[in-house]
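Engineer: Submitted below is the structure of interest, expressed as structure tokens.
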Amino acid sequence: MKRHDVLILGGGLAGASAARVAHQAGADVAIVSKLSPLRSHTVAAAGGINAALAAGDTWEGHAFDTIKGSDFLADQDSVEILCREAPNLIVEMDHLGTPFSRDESGTLFNRPFGGMRQARAFFAGDRTGLALMQTAWEQLVKAGVTLYEEWAATSLIVENGRFSGLIAYRIADGTLEEFQGKAVVVCTGPGGQMYLKSTNAVTCTGDGTALAFRAGCALKDMEFVQFHPTSLHGPNILITEAARGEGGILKNAKGERFMEKYSPKMVDLAPRDIVSRSIQTEANEGRAFPGGYVHLDLTHLGAARIKERLPEVYQFSTEFAGVDPGKEPIPIEPAQHYIMGGIATNNAGATNVPGIFAAGECACVSLHGANRLGGNALLECIAFGKHAGAAAAAFAKKTAQIAGGEQILQQEDRRVDWLLKTEGGERVEALRLELKQVMWDNVGVFRNEQDMAAALAAVRALRKRYPSIRVGAPGKQFNYALIEAMELRNLLDLSEVIVMPNRDDPNWLKHTLAWWRGDRIELTYEPVRITQWQPQERTY
Amino acid sequence: MAAAGADVLVTKIKVYRFDPEVAKAAHYDEWDLDVKPGQTVLDLLHEVHYFHDPTLSFRRSCRSAICGSCAMNINGRTGLSCNTQAKPLLDRDGYLIVEPMKNMPVLKDLVADMGGFWKAVYDIDPYLRPGADPPKGPYVVPKHRMDLLKIAQDCIMCGSCLSECTSREANPEYLGPAALAKAYRFVADARDDASVERLKEYSQPNGIWDCDTCLYCNEVCPMGVKPMDAIMYMREKAIEATRSWRAGSSTRQRPRTSLSACLAWPPRPLSSPKFFSAGRRRTCGKSRSGGWRTSRSSQRSSRRSGRGRRSEVRLLPGLRRAG
Ligand SMILES: Cc1cc2nc3c(=O)[nH]c(=O)nc-3n(C[C@H](O)[C@H](O)[C@H](O)COP(=O)(O)OP(=O)(O)OC[C@H]3O[C@@H](n4cnc5c(N)ncnc54)[C@H](O)[C@@H]3O)c2cc1C
Ligand code: SF4
Ligand code: SF4
Ligand code: FES
């Protein structure tokens with residue numbers, strides 16, 4: 001058994017930010033992470049991080065754009081916190097070492113991003129996430145925060161309604177161990193692997209979200225899933241929105257700049273949901289290329305500028321699609337990108353279970369409502385990662401450790417044992433592929449009642465088949481087949497929440513809360529918090 | 001990208017297997033797979049793992065060459081499996097052999113023990129050591145100054161360079177290219193206030209003077225990082241620093257060598273043809289076999305053109321503070 005005041009589950013940008021602050025507050029902090037922090041999916045973030053830092057920009061402007069982008073379903077007090085703090089957070093990260101791109105006079109560069117009326121996305125080349133993650137990790141090394149790398153958490157322990165610890169599985173040698181703690185900050189990031197087409201990493205399986213859900217935390221607004229319009233056709237590797245920020249143009253198979261039709265004002269820089277639906281409409285109406293993709297044209301920028309401002313776009317197009325973006329347009333299609341919903345938290349990152357906090361993509365404060373604007377997720381990770389870390393440390397200070405994970409440990413031990421030995425007929429990957437197909441076909445870019453009902457039935461059927469899976473690998477060391485089986489369970493549980501039919505007109509301007517009741521999922525509603533911006537029609 | 005119905009190639013993939021729970025010795029397994037154009041080596045490994053042998057272990061996450069998980073030895077050269085297209089490799093070599101990284105112990109199958117790699121990175125103090133009072137706003141650093149970081153800032157810690165490093169092969173204590181590229185990233189950062197101490201530290205045994213200048217790290221890096229260039233830059237700066245310390249003392253001594261003659265600042269890419277005449281790997285007129293460390297003190301090169309340029313006491317141009 002291991003024991004620390006504050007456990008941070010996940011070492012991504014949110015986890016690292018939470019750990020840094022909790023450590024500064026004097027708590028004994030440990031990060032438990034499935035991957036080494038620098039392998040977290042934050043490093044894939046490309047385009048930028050938003051802040052009203054440029055001359056003439058205001059936090060109110062940033063807040064309004066975020067709220068409008070969210071379809072007025074974000075909580076406005078939370079958005080205010082995010083946007084007020086943003087400029088200082090950029091400065092802080094610069095002081096800690098993030099190499100933000102700047103001009104010759106030394107001022108930080110920024111670029112326009114979809115849904116923002118003003119250029120306010122700051123960046124480091126087009127590897128902003130990598131640069132921020134490096135800085136966050138460097139600070140962990142500097143502070144000497146304890147790190148358990150390649151430990152996958154399998155469950156959170158709640159005793160008498162309060163958090164007492166977690167169980168984690170060590171990938172290197174198959175050890176299952178209890179970690180006691182007074183508080184945990186769940187920062188396990190994205191979970192888009194239930195979709196056939198997704199820009200998320202293979203390891204993004206929503207583990208922490210599912211763990212918290214089963215431990216009694218409410219999940220908020222899980223039906224809001226974002227589809228990014230520009231992923232590379234085929235491998236679905238993300239072509240950053242910055243490509244359109246820098247002047248990229250979308251064209252259908254007929255060579256038409258079709259976004260003029262759907263978004264006369266913002267054209268190619270309209271928010272992601274609108275662009276994704278427009279591309280899908282073009283495909284449905286037969287104006288896409290065979291296979292359902294359209295073109296992102298950067299040729300007018302010239303190879304030199306693309307290499308300078310968008311080196312990653314250049315690399316991805318050439319390495320993964322064999323296309324030189326300076327000479328030919330890039331074939332792109334929409335893909336699942338971000339889950340706006342997640343573990344319901346308040347502005348301090350606290351959930352409904354005392355001792356469990358959450359931050360980053362796995363949490364839902366809510367800052368993004370029905371649609372997240374590019375550049376706000378990295379910002380959320382830092383801003384609310386810090387809030388959650390501080391709140392968890394404060395909580396740990398005034399509470400005593402409670403014991404009692406023994407039983408859960410035994411239960412988890414039996415489950416792992418069963419997984420290693422079970423000889424069922426269902427291959428884990430086959431089941432996962434079926435799930436991905438069902439989700440993509442029925443609750444992809446467009447959602448409608450009929451398809452959702454079909455998806456719900458299909459997901460429930462898949463969950464019934466889970467007990468007859470076969471892992472097929474008995475080993476203790478680096479048994480990734482076992483990890484994938486555990487991940488599949490999490491994906492299945494979350495998929496069911498995503499496909500639950502949950503919106504009707506009287507519930508407009510409400511958040512959906514989903515509760516795990518063992519054999520079923522219950523939904524409740526709570527109003528969206530509105531401060532100074534009244535809902536209006538969302539046109540671009 | 002795979003065009004529909006494009007040619008499919010049935011081929012063998014040969015994979016290094018090692019499972020300490022089962023046997024002490026390693027062996028190779030082979031699978032027949034259909035290789036479609038557009039498929040990466042990682043795609044093929046996934047196919048084996050998912051549909052043929054779930055016991056095959058390898059690390060991976062992002063599948064887009066950014067998380068650094070999936071480095072391995074593919075047909076004798078270390079690289080990321082997720083951005084290595086299988087078909088061109090098969091067309092070139094006629095075979096496909098996948099093995100774990102070198103210069104690191106193997107834990108299981110393609111999973112290498114990166115403990116030594118990380119230790120070296122931890123050892124160089126991998127975090128900014130800024131001056132006492134930061135400005136109110138962001139540091140004001142001009143673009144060209146920030147651009148110095150470009151040859152190192154995109155490192156994803158994949159380990160490919162260390163796997164190929166000849167110095168590391170000979171000396172397991174050598175910090176290695178990735179750690180030193182990370183070190184450079186701070187030395188070159190105008191916001192870092194500790195470059196002199198850093199250079200002193202990195203000049204210790206197993207540091208910058210132990211590189212064999214074999215260039216392999218520059219060649220294999222999937223992110224365009226140039227660890228060897230970074231090391232050469234630090235050598236030059238370390239010498240300049242020594243010179244300025246001496247200049248401060250009463251007995252003026254000549255610099256022991258002058259690398260400034262061949263290392264411009266900002267550093268010229270060493271891998272550019274200018275430095276390597278007709279395929280022979282030579283650095284600054286010195287042969288590779290000589291090595292830098294041993295011959296440093298004895299070198300009285302005629303290229304002293306850079307000697308007269310006295311470097312500032314601060315190694316790097318000062319930065320303006322905003323706000
Ligand atoms: C391709 C791409 C591009 C993006 N570009 C941008 C952008 O330009 N701007 C922007 O603002 N946002 C962007 N985003 C979104 C943003 O990157 C993410 O929302 C954010 O990085 C998530 O950070 P995180 O810390 O919450 O999660 P992550 O960085 O994914 O970290 C999750 C951590 O949890 C750990 N973990 C997971 N499961 C377990 C478990 N069972 N046990 C223990 N540990 C576990 C992992 O090891 C990892 O360390 C992008 C996203 C993608 C996919
Ligand atoms: S150039 Fe130096 S650091 Fe790079 S691989 Fe060769 S010996 Fe190692
Ligand atoms: S320098 Fe390049 S090869 Fe070496 S670890 Fe970094 S990214 Fe990998
Ligand atoms: S899987 Fe991330 S670098 Fe290859």
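Engineer: What's the number of the only condition in (1) of a type in the set (A, V, I, L, M, F, W, C); (2) touching a Lys or Arg at 6+ places or on another chain (Cβ under 9 Å); (3) assigned to a loop (DSSP other than H, G, I, E, B); (4) surrounded by 14 or more Cβ atoms within 10 Å (Cβ to Cβ) that A:M486 fails to meet?
Structural biologist: Of the numbered conditions (1) of a type in the set (A, V, I, L, M, F, W, C); (2) touching a Lys or Arg at 6+ places or on another chain (Cβ under 9 Å); (3) assigned to a loop (DSSP other than H, G, I, E, B); (4) surrounded by 14 or more Cβ atoms within 10 Å (Cβ to Cβ), the odd one out for A:M486 is (3).
Engineer: Scan region A:57-68 and tell me whether some residue there is over 24 Å from A:M340 (Cβ atoms) and not hydroxyl-bearing (S, T, Y). Reasoning before the result, please.
Structural biologist: Here is the first cut: in region A:57-68, the ones over 24 Å from A:M340 (Cβ atoms) are A:57-58.
Still in the list and also not hydroxyl-bearing (S, T, Y): A:57.
For region A:57-68, residues over 24 Å from A:M340 (Cβ atoms) and not hydroxyl-bearing (S, T, Y): present.
Engineer: Sort out which residues of region B:148-167 are in a helix (DSSP H, G or I) and at the interface with chain A (Cβ under 9 Å from one of its Cβ atoms), and write them in order of number. Don't jump to the end; show me each part of the working.
Structural biologist: From region B:148-167, those in a helix (DSSP H, G or I) are B:148-151, B:160-164, B:166-167; that's our starting set.
Listed by number, the residues that qualify are B:L149, B:K150.
Engineer: Filter region B:104-115 down to residues that are out of contact with any Leu (no Cβ under 8 Å at 6 or more places or on another chain) and part of a loop (DSSP other than H, G, I, E, B) and give me whichever is least open to solvent (accessible area, probe 1.4 Å). Full working, then the answer.
Structural biologist: First, the residues of region B:104-115 that are out of contact with any Leu (no Cβ under 8 Å at 6 or more places or on another chain): B:105-108, B:111-112, B:114-115.
Within this subset, residues satisfying the condition of being part of a loop (DSSP other than H, G, I, E, B) are B:105, B:114.
Working: B:P105: 78, B:M114: 18 Å².
Per the criteria, the residue is B:M114.
Engineer: Restricting to region B:153-166, count the residues that are buried (at least 21 other Cβ atoms within 10 Å of the Cβ), farther than 23 Å from A:E312 by Cα and away from ligand 4 (no atom under 16 Å from the Cβ).
Structural biologist: Let us first name the residues in region B:153-166 that are buried (at least 21 other Cβ atoms within 10 Å of the Cβ), namely B:153-165.
Okay, now just the ones that are also farther than 23 Å from A:E312 by Cα, so B:162-165.
Add one more test, that the residue is away from ligand 4 (no atom under 16 Å from the Cβ), and what stays is B:164-165.
Count: 2.
Engineer: Specify the residue that is nearest to ligand 3 (Cβ to nearest atom); the eligible residues are those in region B:168-202 that are over 18 Å from B:M114 (Cα atoms) and more than 14 Å from every other protein chain (Cβ to nearest Cβ). Full working, then the answer.
Structural biologist: Going residue by residue through region B:168-202, those that are over 18 Å from B:M114 (Cα atoms) are B:183-202.
Going one step further and asking which of them are more than 14 Å from every other protein chain (Cβ to nearest Cβ), we end up with B:196-197, B:199-202.
Values: B:V196: 24, B:E197: 23, B:L199: 20, B:K200: 23, B:E201: 20, B:Y202: 16 Å.
For region B:168-202, the residue satisfying everything is B:Y202.
Engineer: Next up: Are there any pairs with C-beta distances below 7 angstrom linking a residue in region A:44-58 that is touching a residue at least 12 places away in the same chain (Cβ under 8 Å) and within 6 Å of ligand 1 (Cβ to nearest atom) to a residue that is in a strand (DSSP E or B) and open to solvent by less than 10 Å² (accessible area, probe 1.4 Å), with the two at least 6 apart or on different chains, and if so which?
Structural biologist: A:G47/A:A121; A:G48/A:R111; A:G48/A:A121; A:G48/A:F122; A:I49/A:A121; A:I49/A:F122
Engineer: I've got another one for you. Check off (1) within 13 Å of chain A (Cβ to nearest Cβ); (2) over 22 Å from A:G472 (Cβ atoms); (3) touching a residue at least 24 places away in the same chain (Cβ under 8 Å) for B:D53 and give me the number that stays unchecked.
Structural biologist: (2) is the only condition that B:D53 fails.
Engineer: Is it the case that region B:93-112 has a residue that's under 19 Å from the mean Cα position of the chain (by Cα), at the interface with another protein chain (Cβ under 10 Å from one of its Cβ atoms) and not polar (S, T, N, Q)?
Structural biologist: Checked region B:93-112: no residue is under 19 Å from the mean Cα position of the chain (by Cα), at the interface with another protein chain (Cβ under 10 Å from one of its Cβ atoms) and not polar (S, T, N, Q).
Engineer: If you go through region A:382-394, how many residues are open to solvent by less than 20 Å² (accessible area, probe 1.4 Å), of a type outside the set (A, V, I, L, M) and touching a Gly at 6+ places or on another chain (Cβ under 7 Å)? Can you show your working first?
Structural biologist: Of region A:382-394, the ones open to solvent by less than 20 Å² (accessible area, probe 1.4 Å) are A:382-385, A:388-389, A:392-393.
Filter once more, so that each one left must be of a type outside the set (A, V, I, L, M): A:384-385, A:389.
When the remaining residues are screened for being touching a Gly at 6+ places or on another chain (Cβ under 7 Å), the result is A:384-385.
Qualifying residue count for the region: 2.
Engineer: Among the residues of region A:1-35, what is the count of those that are away from ligand 4 (no atom under 16 Å from the Cβ), at pLDDT 95 or above and not in a helix (DSSP H, G or I)? First the steps, then the outcome.
Structural biologist: Initial filter on region A:1-35 (away from ligand 4 (no atom under 16 Å from the Cβ)): A:1-10, A:13-32.
So of that shortlist, the ones also at pLDDT 95 or above come out as A:2-10, A:13-32.
Imposing the further condition that a residue be not in a helix (DSSP H, G or I) reduces the set to A:2-10, A:25-32.
Number of matching residues: 17.
Engineer: Does A:S263 count as under 30 Å from A:T524 (Cα atoms) and hydroxyl-bearing (S, T, Y)? Write out each step before concluding.
Structural biologist: Working: under 30 Å from A:T524 (Cα atoms): no; hydroxyl-bearing (S, T, Y): yes.
In short, no.
Engineer: Name the residue that is farthest from the chain's Cα centre (by Cα), counting only residues in region B:61-83 that are surrounded by fewer than 23 Cβ atoms within 10 Å (Cβ to Cβ) and free of Cβ contacts under 8 Å to residues at least 60 places away in the same chain.
Structural biologist: B:N75
Engineer: In region A:202-217, what count of residues is obtained for those that are surrounded by 24 or more Cβ atoms within 10 Å (Cβ to Cβ) and either out of contact with any Leu (no Cβ under 9 Å at 6 or more places or on another chain) or within 21 Å of A:S366 (Cα to Cα) (or both)? Write out each step before concluding.
Structural biologist: Taking region A:202-217 as the starting set, the residues that turn out to be surrounded by 24 or more Cβ atoms within 10 Å (Cβ to Cβ) are A:203-213, A:217.
Remaining after also requiring either out of contact with any Leu (no Cβ under 9 Å at 6 or more places or on another chain) or within 21 Å of A:S366 (Cα to Cα) (or both): A:204-213, A:217.
Residues in region A:202-217 being surrounded by 24 or more Cβ atoms within 10 Å (Cβ to Cβ) and either out of contact with any Leu (no Cβ under 9 Å at 6 or more places or on another chain) or within 21 Å of A:S366 (Cα to Cα) (or both): 11 in total.
Engineer: Go over the candidates B:K200, B:K150, B:K136, B:K226 one by one and state the one that is farther than 20 Å from A:A136 by Cα, open to solvent by 20 Å² or more (accessible area, probe 1.4 Å), more than 16 Å from ligand 1 (Cβ to nearest atom) and free of Cβ contacts under 8 Å to residues at least 60 places away in the same chain.
Structural biologist: B:K200
Engineer: List pairs: first residue in region A:296-316 and within 14 Å of chain B (Cβ to nearest Cβ) and closer than 27 Å to A:S278 by Cα, second residue hydrophobic (A, V, I, L, M, F, W, C) and part of a helix (DSSP H, G or I) anywhere in the structure, Cβ distance under 6 angstrom, at least six positions apart or on different chains.
Structural biologist: A:L310/A:A243; A:V313/A:A243; A:Y314/A:I306
Engineer: Could you please find all residues in region A:44-63 being crowded, with 24+ Cβ neighbours inside 10 Å and of a type in the set (V, I, T)?
Structural biologist: Across region A:44-63, the qualifying residue is only A:I49.
Engineer: Still on this structure: What number of residues within region B:168-216 satisfy the criterion of being assigned to a helix (DSSP H, G or I) and farther than 29 Å from B:Y139 by Cβ?
Structural biologist: As a first pass, look at region B:168-216 and keep what is assigned to a helix (DSSP H, G or I): B:168-170, B:177-187, B:195-202, B:208-210, B:216.
Narrowing the set further to residues that are farther than 29 Å from B:Y139 by Cβ leaves B:168-170, B:209-210, B:216.
Selection size over region B:168-216: 6.
Engineer: Considering only residues that are closer than 22 Å to A:G26 by Cα and open to solvent by less than 10 Å² (accessible area, probe 1.4 Å), look in region A:141-171 and name the one that is farthest from the other protein chains (Cβ to nearest Cβ).
Structural biologist: Filtering first and then ranking leaves A:S164.
Engineer: What are the residues in region A:436-475 that are within 14 Å of chain B (Cβ to nearest Cβ) and open to solvent by less than 50 Å² (accessible area, probe 1.4 Å), if any? Outline the logic, then answer.
Structural biologist: Step one: filter region A:436-475 for residues within 14 Å of chain B (Cβ to nearest Cβ), giving A:436, A:469-475.
Selection gives A:K436, A:I469, A:V471, A:G472, A:A473, A:G475.
Engineer: Can I ask one more? Given the conditions (1) open to solvent by 20 Å² or more (accessible area, probe 1.4 Å); (2) in contact with a helix residue (DSSP H, G or I) (Cβ under 9 Å, 6 or more places away or on another chain); (3) modelled with pLDDT of 95 or more, which single one is not true for B:E47?
Structural biologist: (2)
Engineer: Just one of the numbered conditions (1) open to solvent by 10 Å² or more (accessible area, probe 1.4 Å); (2) touching a Cys at 6+ places or on another chain (Cβ under 7 Å) is not true of A:C362; which one?
Structural biologist: (1)
Engineer: While we're here: With the condition kept exactly as written, say whether any residue in region A:74-87 is within 14 Å of chain B (Cβ to nearest Cβ), aliphatic (A, V, I, L, M) and touching a helix residue (DSSP H, G or I) at 6+ places or on another chain (Cβ under 9 Å). Write out each step before concluding.
Structural biologist: If we filter region A:74-87 for residues that are within 14 Å of chain B (Cβ to nearest Cβ), which is where we start, we get A:86-87.
Add one more test, that the residue is aliphatic (A, V, I, L, M), and what stays is A:86.
Narrowing further to those that are touching a helix residue (DSSP H, G or I) at 6+ places or on another chain (Cβ under 9 Å): A:86.
Within region A:74-87, one or more residues are within 14 Å of chain B (Cβ to nearest Cβ), aliphatic (A, V, I, L, M) and touching a helix residue (DSSP H, G or I) at 6+ places or on another chain (Cβ under 9 Å).
Engineer: Mind checking which strands (runs of 3 or more DSSP E) fall wholly inside region B:47-103 and carry at least 1 residues that are under 18 Å from A:E150 (Cβ atoms) and more than 16 Å from ligand 1 (Cβ to nearest atom)?
Structural biologist: Correct list: B:71-74.
Engineer: Limited to region A:88-118, what total is found for residues that are more than 8 Å from every other protein chain (Cβ to nearest Cβ), open to solvent by less than 30 Å² (accessible area, probe 1.4 Å) and charged (D, E, K, R)? I'd like the intermediate steps shown before the answer.
Structural biologist: Going through region A:88-118, the residues more than 8 Å from every other protein chain (Cβ to nearest Cβ) turn out to be A:88-89, A:92-93, A:98, A:109-118.
Filter again for open to solvent by less than 30 Å² (accessible area, probe 1.4 Å), leaving A:89, A:93, A:98, A:111, A:113-116.
If we keep only those that are charged (D, E, K, R) as well, we get A:111.
Qualifying residue count, region A:88-118: 1.
Engineer: Still on this structure, I have one more. For B:W118, all conditions in the list (1) at the interface with chain A (Cβ under 9 Å from one of its Cβ atoms); (2) in a helix (DSSP H, G or I); (3) more than 22 Å from B:T78 (Cβ to Cβ) hold save one; what is the number of the exception?
Structural biologist: Unmet condition: (3).
The values are calculated or read from the model by the stated rules, or taken from the named source; none is laboratory data. These figures come from a predicted structure and were not determined experimentally. All Cβ positions, glycine included, derive from the backbone under ideal geometry; neighbour counts span all protein chains shown. Note: areas computed on protein heavy atoms with side chains; ligands, DNA, RNA excluded. Shrake-Rupley method; radii C 1.70, N 1.55, O 1.52, S 1.80 Å.
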